[in-house]
Amino acid sequence: MWRLPTVLLLVHCLAVVHLLGFKFVNPWPLCPANDKRLLSLFNLLCNTTQTSTVTTRDACYGCFFRAGSLAAGPTQLAAISQCASLYLINTSYATCATNLAGIVTGSRPVIVSPTSGTTVDCYSGHCEFVQCIRRINGNMLINQCILQTLVNRDLNVEAQRVGFYVNTTSCILARARCDPYNPITGQLQQPLNVPAGTTGRTGSNSLQISPTGDIRIVSFPVKVAVGDAFCTSRTMLDQSTFGNSIC
């Protein structure tokens with residue numbers, strides 16, 4: 001049996017919580033389930049940014065690995081922010097580090113997209129940081145493919161412009177599909193020599209641009225056929241390779 005003073009104290013505490021805007025939240029089931037994906041992204045992040053010495057690269061990955069291995073929540077987010085401030089400030093990912101630091105310190109709110117329903121299962125700021133890293137990775141992939149296909153092209157010539165677009169798009173899709181590590185997510189891709197009867201590397205992908213300008217690589221099985229086969233040259237949606245990105 002609760003005593004009246006105890007009940008009054010509990011009611012008072014709940015009122016203070018309400019007035020200060022605190023919210024009781026559920027555990028974050030999706031973030032722990034994606035720990036391996038988070039660590040893969042951090043691995044790519046350190047390989048991309050810490051190119052001066054192996055020591056700094058390993059230190060970067062060690063910092064993010066320890067932070068990513070913590071339980072999802074404010075402690076993990078603060079640890080990730082410390083690593084980001086230490087290793088990302090003078091890189092292309094500086095905005096991601098600055099935004100995360102603002103979220104952790106409370107100096108800026110979390111921007112939640114109305115369509116990003118799954119982000120509610122991660123601690124505030126977690127998914128925004130991951131999305132920021134992937135956005136930069138996508139932009140870097142576009143830039144690398146442009147530079148690779150722009151060599152010796154005269155863009156005043158129509159055929160050269162068409163070839164430039166085709167090769168750039170092919171480069172983006174082939175690298176996202178065939179490279180050992182996905183250049184946007186950092187995940188290890190399935191090996192090509194998978195046993196017969198098992199699921200191997202995704203056979204096809206397509207390029208989309210979100211309303212906010214982010215690149216999206218949509219993957220689907222290789223056996224998907226063309227919906228409208230009127231005079232099509234091939235009925236299966238097979239794709240070209242590019243450079244060393246072959247699968």
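The values are calculated or read from the model by the stated rules, or taken from the named source; none is laboratory data. The model shown is predicted, which means the values in this text are computed figures rather than measured ones. Reconstructed Cβ throughout: ideal geometry from the backbone, glycine too, with neighbour counts over all protein chains shown. To get the accessible areas, we keep the full protein, side chains included, count just its heavy atoms, and leave off ligands, DNA and RNA. Shrake-Rupley method; radii C 1.70, N 1.55, O 1.52, S 1.80 Å.
Here are the numbers:
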read-out: Cβ-Cβ under 6 Å pairs, at least 6 apart or on other chains, segment 132-158 side more than 19 Å from Arg177 (Cβ to Cβ), far side in a loop (DSSP other than H, G, I, E, B) and open to solvent by 50 Å² or more (accessible area, probe 1.4 Å); value: Ile136/Ser92
read-out: Odd one out for Ala196 among (1) over 21 Å from Gln239 (Cβ atoms); (2) at pLDDT 90 or above; value: (2)
read-out: Any hit, segment 13-30, residues being surrounded by 13 or more Cβ atoms within 10 Å (Cβ to Cβ), at pLDDT below 95 and part of a loop (DSSP other than H, G, I, E, B); value: yes
read-out: Residue match in segment 166-183 (condition: open to solvent by less than 50 Å² (accessible area, probe 1.4 Å) and closer than 19 Å to Thr91 by Cα); value: yes
read-out: Lone unmet requirement of (1) under 15 Å from Thr49 (Cβ atoms); (2) open to solvent by less than 60 Å² (accessible area, probe 1.4 Å); (3) modelled with pLDDT under 95 for Val110; value: (1)
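Here is a yes/no grid of residues against (1) assigned to a helix (DSSP H, G or I); (2) modelled with pLDDT of 95 or more:
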residue	(1), (2)
Pro32	yes, no
Leu39	yes, no
Ala59	yes, yes
Arg66	yes, no
Leu77	yes, no
Asn90	no, no
